[in-house]
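*Asks:* First, the structure itself, so that you have it in front of you.
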Amino acid sequence: MVTFCEFMRQAAGSPRDGYYTRHAGIGHEGGDFYTAPETSPAFASLLALQIGEIDRALGSPDPFYLIEAGPGNGTLMEDLLSIFRKADPAFYARTLPLLVELPGVLEKRQRERLSCFDLPHPPRWIALPNISDASLSEKGALPPPSSGVVLGNEFLDALPVHRLRVKNKRWEECYVEKNDSGGLSFVWGEISDPALHAILAEGFGSDLSRREGQETEICLEIPTVLGFLDGLLERGFMLWVDYGDIAEELRSERRREGTLLAYRNHTVSGELLDSPGKTDLTAFVDFSRVAGTLKSLGYRLEGYTDQMSWLMGLGFEDWVEANGDRLSPEALMNAGILLHPLKMGRLFKVLLMSRGILERPSFSGFRFGGLRPPVG
C-alpha cells in the first residue's frame with residue numbers, strides 16, 4: 001500500500017512504465033490531451049514577445065538561459081527558437097535552451113525537434129531531482145547560474161499530490177492498495193507526513209464541522225522543484241502558465257470534491273486508478289503556494305492574471321490581424337480556444353515573478369490585471 005502521491009509519482013515518472021517516460025500522448029492526433037502550443041502558433045508568438053520584455057529587463061545577458069520545465073513534445077521550444085532565429089538573430093545567438101525533463105520518450109522527441117537549430121549555445125537537458133529515480137540525463141555538473149527565465153506550461157499540474165479528505169471532523173489521507181488479483185483500490189487512513197497537518201491547519205483552520213466530505217490536494221514537491229529551478233538562475237524570472245487558482249478558491253465549496261482528473265484519449269475521467277502509466281493524472285495548481293514559495297526564495301510578484309487577459313495584453317488581436325489572411329477557419333477557431341472563457345481563457349492562470357531586478361518593469365501581458373494577487 002502506498003500513498004496516492006507515491007502512486008501518482010510512479011504512474012507519471014517510473015523509468016519502466018511511467019506516463020511521461022514511456023507513453024506521453026500529447027497532441028490532437030492520437031493523444032490524451034493537448035496544450036496551448038499544440039492548439040495554435042499564437043501562443044508561442046505572443047509568449048516570445050513576453051520573453052523579449054524579460055530579456056530587456058535583464059539587460060540582454062549572454063547567455064540568456066531559456067529554461068523550460070516539462071517541454072512535452074518540444075513544440076513550444078521549437079516554435080520559440082524558430083521565431084527568435086527569424087525575428088531577432090542577435091537574441092537567438094545569445095539564447096541557451098535548458099530543457100528540464102524526465103529521461104525517456106519525451107526527451108527523445110525534443111532532441112529530434114531541436115536538432116535543426118545551429119545555436120552558438122547548444123541545448124542541454126537536465127532531469128529534476130527527487131521526481132524520479134533516474135539520474136541526470138546529461139553527465140557532468142549543472143551549468144553555472146546565469147540570467148534568464150524559467151517557464152512552464154502545464155508542468156506544475158502534473159507534479160504528484162497528496163489526496164486528503166475530511167471524515168468525522170478530522171483529516172485523513174488516500175492510499176492505493178493492490179489486491180490479490182492485481183486490481184487497485186483506494187484506502188483511507190492516517191496522514192503520512194506531518195507537513196500536511198500544518199498546511200491543512202493554515203488553509204482550513206481547526207473547526208471542520210462544516211467541512212465533512214471536503215477533499216483537497218497538496219503538492220509537497222513545490223518547494224523542492226522551485227528551489228532546484230531557482231538554482232539555475234543568477235537572477236531572472238519564473239513564468240508559469242497552468243490551470244489552477246489561489247488557495248482560497250481551491251478550498252471553497254466549488255471545489256468540495258477536489259480537482260484531481262485523469263485524461264485519456266481526450267476524455268476527462270474521474271477514474272484515477274484506470275490504466276496507470278497510460279493515463280495522465282493532474283490536479284489544479286495552488287498558485288498561492290507557488291507564489292509564496294518563490295517569495296520565500298526572494299522573488300517579487302510582477303503579474304498574475306488569466307490566460308485570456310495575458311494574451312490580449314500581449315496583442316492577440318494584432319496577431320490575428322497580421323496572420324488572419326493566411327490562416328484557415330479551423331486555425332482561427334483553434335486560436336480562439338486560447339482565449340475562450342469556458343476553455344483555456346479563464347481556467348488557465350499566468351504567474352510572473354522576478355528575482356534580482358532592481359527596477360519594476362512593466363510587462364504587456366499583465367496590463368489588464370483583474371485577479372486577486374496570489375501572494376502579498
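The values are calculated or read from the model by the stated rules, or taken from the named source; none is laboratory data. Worth saying up front: this structure is predicted, and the values here are computed from it rather than measured. No Cβ is skipped: glycine too gets one built from the backbone with ideal geometry, and neighbour counts run over all protein chains shown.
*Asks:* With the requirement that a residue be surrounded by 16 or more Cβ atoms within 10 Å (Cβ to Cβ) and in a loop (DSSP other than H, G, I, E, B), what does the stretch 347-365 give you? Quick ask: steps written out before the conclusion?
*Replies:* Of the residues in the stretch 347-365, the ones surrounded by 16 or more Cβ atoms within 10 Å (Cβ to Cβ) are 347-355, 357, 363-365.
Matches in the stretch 347-365: LEU347, ILE357, PHE363.
*Asks:* Just give me the residues in the stretch 78-96 being part of a helix (DSSP H, G or I) and in contact (Cβ under 8 Å) with a residue 40 or more places away in the chain, in sequence order. Give the steps one after another, and end with the answer.
*Replies:* Initially, the stretch 78-96 is screened for residues part of a helix (DSSP H, G or I), giving 78-87, 89-94.
Selection gives ASP79 alone.
*Asks:* Going by the structure shown, is ASN168 modelled with pLDDT of 95 or more, over 20 Å from MET1 (Cβ atoms) and more than 28 Å from the chain's Cα centre (by Cα)? Lay out the reasoning, then the answer.
*Replies:* Working: modelled with pLDDT of 95 or more: yes; over 20 Å from MET1 (Cβ atoms): yes; more than 28 Å from the chain's Cα centre (by Cα): yes.
Taking the combined requirement at face value, the residue satisfies it.
*Asks:* Going through the stretch 201-214 one residue at a time, which ones are surrounded by fewer than 16 Cβ atoms within 10 Å (Cβ to Cβ) and in contact (Cβ under 8 Å) with a residue 24 or more places away in the chain?
*Replies:* Kept after step one, since they are surrounded by fewer than 16 Cβ atoms within 10 Å (Cβ to Cβ), are these residues of the stretch 201-214: 201-202, 205-207, 209-210, 212-213.
Those that are surrounded by fewer than 16 Cβ atoms within 10 Å (Cβ to Cβ) and in contact (Cβ under 8 Å) with a residue 24 or more places away in the chain: SER209, GLU212, GLY213.
*Asks:* Quick check: is even one residue across the stretch 258-270 modelled with pLDDT under 95, touching a Lys or Arg at 6+ places or on another chain (Cβ under 8 Å) and either crowded, with 16+ Cβ neighbours inside 10 Å or among the β-branched types (Val, Ile, Thr) (or both)?
*Replies:* yes
*Asks:* Got at least one residue in the stretch 97-110 being free of Cβ contacts under 8 Å to residues at least 24 places away in the same chain, in a helix (DSSP H, G or I) and either of a type outside the set (A, V, I, L, M, F, W, C) or within 30 Å of LEU358 (Cα to Cα) (or both)? Outline the logic, then answer.
*Replies:* Going residue by residue through the stretch 97-110, those that are free of Cβ contacts under 8 Å to residues at least 24 places away in the same chain are 108.
From what's left, in a helix (DSSP H, G or I): 108.
Okay, now just the ones that are also either of a type outside the set (A, V, I, L, M, F, W, C) or within 30 Å of LEU358 (Cα to Cα) (or both), so 108.
Yes: one or more hits.
*Asks:* Could we say that SER82 is touching a helix residue (DSSP H, G or I) at 6+ places or on another chain (Cβ under 8 Å) and among the hydroxyl-bearing types (Ser, Thr, Tyr) here?
*Replies:* Working: touching a helix residue (DSSP H, G or I) at 6+ places or on another chain (Cβ under 8 Å): no; among the hydroxyl-bearing types (Ser, Thr, Tyr): yes.
Here the answer is no, as SER82 does not meet what is asked.
*Asks:* Moving on to the next point. Conditions: (1) of a type in the set (Phe, Trp, Tyr); (2) out of contact with any helix residue (DSSP H, G or I) (no Cβ under 6 Å at 6 or more places or on another chain); (3) in a loop (DSSP other than H, G, I, E, B). PHE368 meets all but one. Number of the miss?
*Replies:* With respect to (1) of a type in the set (Phe, Trp, Tyr); (2) out of contact with any helix residue (DSSP H, G or I) (no Cβ under 6 Å at 6 or more places or on another chain); (3) in a loop (DSSP other than H, G, I, E, B), PHE368 is out only on (2).
*Asks:* Can you spot a residue in the stretch 290-300 that is within 25 Å of PHE363 (Cα to Cα), modelled with pLDDT of 95 or more, loosely packed, with under 15 Cβ neighbours inside 10 Å and among the hydroxyl-bearing types (Ser, Thr, Tyr)?
*Replies:* Yes, some residue in the stretch 290-300 is within 25 Å of PHE363 (Cα to Cα), modelled with pLDDT of 95 or more, loosely packed, with under 15 Cβ neighbours inside 10 Å and among the hydroxyl-bearing types (Ser, Thr, Tyr).
*Asks:* Residues of the stretch 33-74 being part of a helix (DSSP H, G or I), more than 24 Å from TYR19 (Cβ to Cβ) and among the charged types (D, E, K, R), which ones?
*Replies:* GLU53, ASP55, ARG56
*Asks:* Sticking with this one: Residue by residue through the stretch 260-287, note down the ones that are among the hydroxyl-bearing types (Ser, Thr, Tyr) and touching a Gly at 6+ places or on another chain (Cβ under 9 Å).
*Replies:* Quick first cut of the stretch 260-287, residues among the hydroxyl-bearing types (Ser, Thr, Tyr) only: 263, 267, 269, 275, 279, 282.
Of everything in the stretch 260-287, just one residue is among the hydroxyl-bearing types (Ser, Thr, Tyr) and touching a Gly at 6+ places or on another chain (Cβ under 9 Å), namely TYR263.
*Asks:* Could you say whether any residue in the stretch 270-287 is polar (S, T, N, Q) and in contact (Cβ under 8 Å) with a residue 60 or more places away in the chain? It would help to see each step written out before you state the result.
*Replies:* Filtering the stretch 270-287 for residues polar (S, T, N, Q) gives 275, 279, 282.
Narrowing further to those that are in contact (Cβ under 8 Å) with a residue 60 or more places away in the chain: 279, 282.
Looking through the stretch 270-287, at least one residue is polar (S, T, N, Q) and in contact (Cβ under 8 Å) with a residue 60 or more places away in the chain.
*Asks:* In addition: For the stretch 256-346, which fully contained strands (runs of 3 or more DSSP E) count at least 1 residues that are β-branched (Val, Ile, Thr) and in contact with a strand residue (DSSP E or B) (Cβ under 8 Å, 6 or more places away or on another chain)?
*Replies:* Numbers: elements: 261-264, 267-269, 280-282, 300-306.
Strands (runs of 3 or more DSSP E) meeting the threshold: 267-269, 280-282, 300-306.
*Asks:* Taking the stretch 78-108 as the region of interest, how many residues are under 20 Å from SER146 (Cβ atoms) and aliphatic (A, V, I, L, M)?
*Replies:* So the count comes out to 8.
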